[in-house]
1. So is B:ILE168 touching an Asp or Glu at 6+ places or on another chain (Cβ under 6 Å) and within 13 Å of another protein chain (Cβ to nearest Cβ) or not?
2. Out of (1) part of a helix (DSSP H, G or I); (2) modelled with pLDDT under 90; (3) of a type outside the set (Asp, Glu), what's the single condition that is false for A:MET64?
3. Any residue that is surrounded by fewer than 20 Cβ atoms within 10 Å (Cβ to Cβ), away from chain B (no Cβ under 13 Å) and either aliphatic (A, V, I, L, M) or in contact with a helix residue (DSSP H, G or I) (Cβ under 7 Å, 6 or more places away or on another chain) (or both) - is there at least one of those in region A:74-93?
4. Among the residues of region A:94-107, what is the count of those that are more than 22 Å from the chain's Cα centre (by Cα), in a helix (DSSP H, G or I) and facing chain B (nearest Cβ under 9 Å)?
5. What's the number of the condition A:ARG155 fails, among (1) surrounded by fewer than 23 Cβ atoms within 10 Å (Cβ to Cβ); (2) in contact (Cβ under 8 Å) with a residue 12 or more places away in the chain?
6. Spot the failing condition for B:VAL60; the list is (1) in a helix (DSSP H, G or I); (2) within 17 Å of B:LEU127 (Cβ to Cβ), and only one is missed.
7. Checking the condition among the hydroxyl-bearing types (Ser, Thr, Tyr) and in contact with a helix residue (DSSP H, G or I) (Cβ under 8 Å, 6 or more places away or on another chain), which residue from A:THR230, A:THR252 passes?
8. Inspect region B:197-207 for any residue being more than 10 Å from chain A (Cβ to nearest Cβ), charged (D, E, K, R) and more than 30 Å from A:ARG127 (Cβ to Cβ) and give the result as yes or no.
Amino acid sequence: MPIIRAEKLGFNYVQYNDENEAPETIKAIRDIDLSIEKGSFVAILGHNGSGKSTLAKQMNALLMPTSGTMWVDGIDTAGEDELWKVRQKAGMVFQNPDNQIIGTVVDEDVAFGPENLGMPTDDIWTRVDDALSKVGMLGFRDRSPNRLSGGQKQRVAIAGVVAMHPECIVLDEPTAMLDPNGRREVLEVARELNRKEGVTVILITHYMEEVIYADHVYVMDLGKIVMEGTPREVFSRVDELKALKLTVPQVTELAYELKKAGVKIPDGIITPEELVEALCAIR
Amino acid sequence: MGEITLGQYYPTNSILHRLDPRVKFLGTLVYIVALFLVRGPVGYAVCAAALISMIVLSKVPFRYVLKSLKPVVLIMAVTMLFNLLLTPGEVLWRFWIFKITEEGIRMAAKMGIRLVFLVSGSSIMTLTTTPNALTDAMERLFGFLKIIHVPVHEIAMMMSIALRFIPILTEETDKIKKAQIARGADFETGGFVKRMRAMIPLLVPLFVSAFRRANDLAMAMEARCYHGGAGRTQMKPLRYRKADYIAWAVVAAFLAVCICLSVTGW
């Protein structure tokens, strides 16, 4: 059974002008069908305003569909009474690390979710220890979040979600505000959770480099899914991606240009190693 | 700009630091009440002894306690001056329209001692208790107000979130200030009105950003299943230990002694 499934999902919001009148309905997402398998690593790509964040918030029932249906682990997110169950099953990590840490001490922040679920104190301690060690932040448990780097703060935020034992984690542009080191840290933790713990990871981003390890990629534009497939399939359509204002990884672009110039190499090269291999294989 | 120290917590490991914040909070209240109960020299001596033993127990250097007196020196001076000049009684010395009375001197001295003891006594509490522990203590102590629908948990949650965001917003103020200075804003010169007006380009972006942060945080809290205090458990619940019961006994004994002294007038 898919962990997340959407059928004809749509979300509209009303925008007011400066005089607070003439409301205009904006279709943030429309007619989205998707199905994400348990244990997979899925990336959703799109430039600003493509509706990818709106879609992410649907998965956590922070927003309810205005048309169509969204199921999380078989639960319809529109049902009010199962709201907390949905949010426990699908954890969410946001873009700004400062604006999602609630506790003044690292371990107290990680405990926030389990506390809300009403767990007994002893269980909270085991879960917090466990979650912090999974993201490699156990040594920082007594620190103030304000003294951590951006990447460390995001790892704490991920631990806060992991401590709720979710089936899947939705990362909504978790690296947008981080430096390259922080980005690497966060992505490593996400991949590790996916591979070792079998947690479904849904990564929402506009950095193409971050999606090469995904099992499946969705590309969004104007509120719709316009492309999908494995990273290799998606990256072989360089021109289409460029039309969507998405920049492909440098090596992919180089391979694409080489191919256009007549060099015989395969489509959809996504790592430098692959390009080296392909080029060496020519002779 | 780094971390600003909130309140004035002095991190070290003493008996007072480990004590339950509820005991410290109520103990301080009892101490303040006692200060206004006692009237005679013996009473003041008892209060002084209590204060000094607390400072010693807290392992906080004495100058930190003195430092906490600095902001209230002016209030103290004014209070003492008024008491000195305006208390009626046997006139000792007359100067223009002012007269100093024997009662006035006594009153001013009493007031001064009380204020010094009061401020140092409460600073011992804030020096040994983190703001968060205090928030926790207040949530528990005022929990009974929930019966009359006071949102005790929500107020405590707001306080702890405010504490978490103070350093972030301070840093942001600094950033906006520098950005506006780079655009030619002038925060330094001019009179009071001009300087106040110069704050507008600082405050508007700060407020906008604070609202955005509040919105983000609310969403993050909801995503982590926050739905108010009902059914919520705690990772570090406050629990009384042996030392706390002993502390309660000490506080009670101190109060009893002060009441006796107050009745006898010693």
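The values are calculated or read from the model by the stated rules, or taken from the named source; none is laboratory data. Because the structure is predicted, anything quoted here is derived from the model rather than measured. In this analysis, Cβ positions are derived from the backbone assuming ideal geometry, glycine residues included, and neighbour counts consider all displayed protein chains.
1. Values: touching an Asp or Glu at 6+ places or on another chain (Cβ under 6 Å): yes; within 13 Å of another protein chain (Cβ to nearest Cβ): yes.
The answer is yes for B:ILE168.
2. (1)
3. Yes, that holds for at least one residue.
4. Here is the first cut: in region A:94-107, the ones more than 22 Å from the chain's Cα centre (by Cα) are A:103-107.
Cutting the leftovers down to in a helix (DSSP H, G or I) gives us A:106-107.
Filter once more, keeping what is facing chain B (nearest Cβ under 9 Å): A:107.
So the answer is 1.
5. Status for A:ARG155: all satisfied but (1).
6. (1)
7. Working: A:THR230 fails: in contact with a helix residue (DSSP H, G or I) (Cβ under 8 Å, 6 or more places away or on another chain).
From the options A:THR230, A:THR252, the qualifying one is A:THR252.
8. Of all residues in region B:197-207, those more than 10 Å from chain A (Cβ to nearest Cβ) come to B:197-207.
Now narrow it down to the ones that are charged (D, E, K, R): B:197.
Keeping just the survivors that are more than 30 Å from A:ARG127 (Cβ to Cβ) gives B:197.
The answer is yes; a qualifying residue exists.
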